[in-house]
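Q: Could you have a look at this structure, given as structure tokens, before my questions?
The values are calculated or read from the model by the stated rules, or taken from the named source; none is laboratory data. Predicted model, so just to flag it, every value in this text is computed and none were measured. Virtual Cβ from ideal backbone geometry, glycine too; neighbours counted across all protein chains shown. Only protein heavy atoms, including side chains, enter the accessible area calculation; ligands, DNA and RNA are left aside. Shrake-Rupley method; radii C 1.70, N 1.55, O 1.52, S 1.80 Å.
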Amino acid sequence: MKATMECRICGAEGVAPFLDLGKTPLSDGLVRPENLDGPEPRYALEVAFCPSCKVTHILEDVAQEILFPDDYPYFSSFSDHLLAHSRRHALGLIEARGLGADSLVVELASNDGYLLRNFVEAGVPVLGIDPAPMQVKTANDAGVRSICEFFGTELADRLVAGTYDDLGPLQADVIIANNVCAHVPDLNGFVAGMKALLKPGGTITIENPYVRDLIEHCEFDTIYHEHLYYHSCTGWVGLAERAGLALNHVEYFPELHGGTLRWHLSHEAGRSPELERYLADEAEVGLTRFDFYADFAGRVEALKTDLLGLLRSLRAEGRTIAAYGAAAKGSTMLNYVGIGTDLVDFVVDRNTHKQGLHMPGTHQPILGVEALTERQPDYTLILAWNFKDEIMAQQAAYREAGGRFIVPVPSPEVVA
Ligand code: JHZ
């Protein structure tokens, strides 16, 4: 692992650290039962702001093959909310861009085909690109043409030149990159690859949680080693320009992952009034200056104290506590706050690839969601708080039997 004080994006020296989460295990490094007594590496996790290009990023680099091993457990298709959002996105693009049998939609980090399947259903040709073999197999099995690769300029050039397997030369009418632009070490190269792969007149849409929400709503647990960057509109102006693209438009989805922005990029210059407004707002609230981040560590520390105090007092009263969502962010929450099996007994998750494993560092077993009604813990800490409405609606039987939820973010709250 290497740590750097140079900006990952613009190379400027003197990035300003503002939050140190200590040494944490890898958030998606779920532990097999037979490895529970074995060594578990922990890596420093510190976040900094670049006063030069305004992009926020972590200082540490964990090798990609360690972060994304062949058994990487995240599958996108386990949230109905995300599936519905993705379907709306796909149908909107088909209509707005007039996509049909002669078009091509490429998705970077296409996972299990959760989004592209909507284009396939509508008869629009697709290509998914993702480095996770299990997810790529699931997508191909479902009829979503996908290749198992990391994306960058090299792959883009091969696709355009037609030298990648038997795919033939191709360029995309639409490129989609959702929840991946936080994960890519060479993000400038990744965006340059998108430019190479995009047809003249084509469009790129990129979604990522918004750093403004992260800071304002104390969503510190979305910080982990996979997430190298925390994005803003101001940062994306520079990222697009450096690759010879233009940032044209932005949309906001407050209910997705704690607040998500969708940026629209193309070869053509021009900014929508919405984008101009976001850029002006970011300058006005100070997102472009270090001060905006300066008190974050203190607020995160306060959340930790409050949550630990709540869980300890419930335990002292003899209450049982479980957690919902073996999410990557859940691992940051458990490890940073220090929530071991003395406080939370087990974690439930719908993702069958996660069940039977244990949470990184804190080692709670991951069970199927039926364990909530079978064991009826008094309280359930929602680690996947970004899906809290979906989860609480789905768990009506648990609630009717007296179960209560704890939502940890933006500050710990018990929901009856
Ligand atoms: P979820 C992921 O992070 C992965 P994570 C990734 N690092 C990323 O960038 C962000 O998303 C954006 C489960 N669940 O999606 C599924 C249920 O069991 O918030 C997941 O394991 N029942 C690429 O891992 C977990 O909760 C449900 O009803 O922090 C949620 O994880 C629902 C809705 C979810 O992301």
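Q: If you put +1 on each Lys and Arg Cβ and -1 on each Asp and Glu Cβ, how big is the dipole of the chain around its Cα centre, in Debye rounded to 20?
A: That gives the chain a dipole magnitude of about 280 debye.
Q: Rounded to the nearest 500, what is the chain's calculated 222 nm mean residue ellipticity when only DSSP H runs of at least 4 contribute -39500 (n - 2.57) each, over all residues?
A: On the way: 15 runs with 138 residues, N = 416.
Roughly -9500 deg cm²/dmol at 222 nm, from the helical runs in the chain.
Q: Out of the total accessible area of the chain (probe 1.4 Å, heavy atoms of protein only), what percent is carbon and sulfur?
A: In the chain, the share of accessible area belonging to carbon and sulfur is 51 percent.
Q: Still on this structure, I have one more. Under a cut-off of 16 Å between alpha-carbon atoms, report the aspartates and glutamates in cross-link reach of LYS354, not counting same-chain residues fewer than 8 places apart.
A: Qualifying aspartates and glutamates at Cα under 16 Å: ASP28, GLU34, ASP70, ASP71, ASP112, GLU370.
Q: Can I ask one more? What does the charge count near ASN140 come to, summing +1 for each Lys or Arg and -1 for each Asp or Glu among other residues with Cβ under 11 Å from its Cβ?
A: Here the count lands on -1.
Q: When only C-alpha pairs under 8 Å and at least 6 residues apart count, what is the relative contact order of the chain, in percent?
A: So the answer I get is 15 percent.
Q: Net charge within 15 Å of GLU34 by Cβ-Cβ distance, Lys/Arg positive one each and Asp/Glu negative one each, not counting GLU34 itself?
A: -2
Q: Still on this structure, please answer the following. Can you give the net charge of the other residues whose Cβ lies under 14 Å from the Cβ of HIS81, counting K and R as +1 and D and E as -1?
A: Charge balance near HIS81 sits at -1.
Q: OK, next. Quick one: give the max-minus-min coordinate of the C-alpha atoms of the chain along each principal axis, largest first, in Å.
A: Each principal axis gives a Cα extent; for the chain these are 65, 48, 41 Å.
Q: Students often forget the sequence filter, so: which lysines lie under 22 Å Cα-Cα from LYS23 once same-chain residues fewer than 8 apart are removed?
A: Cα-Cα hits under 22 Å: LYS2, LYS304, LYS329.
Q: Please give every one of the lysines within straight-line cross-link reach of LYS195, meaning a C-alpha to C-alpha distance under 23 Å, and leave out same-chain neighbours fewer than 8 residues apart.
A: LYS54
Q: With +1 on the Cβ of every Lys and Arg and -1 on the Cβ of every Asp and Glu, and nothing else charged, how large is the dipole of the range 99-171 about its Cα centre, in debye rounded to the nearest 20?
A: 100 debye
Q: Given the chain, what percent of its DSSP beta bridges are antiparallel, to the nearest 5?
A: 50 percent
Q: How tilted is helix 328-337 with respect to the longest principal axis of the chain? Cα atoms for both, answer in degrees (0 to 90, nearest 10).
A: 40 degrees
Q: Let me ask something else. Could you give the accessible area per residue of the chain, probe 1.4 Å, as a whole number in Å²?
A: Ligands and nucleic acids excluded, the result is 39 Å² per residue.
Q: Using unit Cβ charges (K, R positive; D, E negative) and no other charged atoms, how large, in debye to the nearest 20, is the dipole of the range 307-415 about its Cα centre?
A: The dipole of the range 307-415 has a size of about 180 debye.
Q: Please name whichever of LEU127, PHE68, ALA84 sits farthest to the positive end of the charge dipole of the range 62-159, dipole taken about the Cα centre and charges placed at Cβ: Lys and Arg +1, Asp and Glu -1.
A: Positive-most Cα among the choices belongs to ALA84.
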